[in-house]
């Protein structure tokens with residue numbers, strides 16, 4: 001198992017409960033939940049990956065269990081990892097998903113490669 005299947009199901013439920021229409025894509029050795037063709041939340045191994053407003057980044061990484069996303073060795077502002085212990089409760093996970101969904105309408109879509 002490359003990523004946490006139980007967390008995958010919990011994210012699906014949190015997105016559905018918040019009325020989001022989403023698509024799942026396997027990437028980075030994990031899974032990403034796309035909302036409006038944009039990365040929203042995902043899982044890398046056992047960590048939750050959250051795309052949020054870059055203005056909230058510094059505040060977000062100060063929260064318990066959160067750290068900057070440094071997938072490529074360089075921190076990406078507006079992307080954070082959250083460790084499993086910090087999203088043990090559904091309410092904790094739902095809060096992170098809410099932050100991602102709030103930012104999603106303003107997030108830039110990844111440019112699609114031409115065939």
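Descriptive notes on the structure:
- Point-to-point label distance, residue 77-residue 89, nm (Cα→Cβ direction, 7 Å offset): 3.2 nm
- Segment residue 62-residue 98, length gained on full extension (0.36 nm per residue, minus Cα span): 11.2 nm
- Put in order of Cβ neighbour count within 10 Å, fewest first, the listed residues 110, 8 become 110, 8.
- When you restrict to C-alpha pairs under 8 Å that are six or more residues apart and normalise by the size of region 5-106, the relative contact order lands at 25 percent.
- Extension gain for residue 36-residue 24 works out to 3.2 nm (0.36 nm per residue, less the C-alpha to C-alpha distance).
- Dimensions (Å) - region 56-115, Cα atoms, principal axes, largest first: 42, 26, 21
- GNM result for the chain, Cα springs below 10 Å: residue of 27, 69, 49 fluctuating most strongly: 27
All of the numbers you see were taken from the coordinates with simple rules; none came from a lab. Because the structure is a prediction, the values reported are computed rather than measured. Virtual Cβ from ideal backbone geometry, glycine too; neighbours counted across all protein chains shown.
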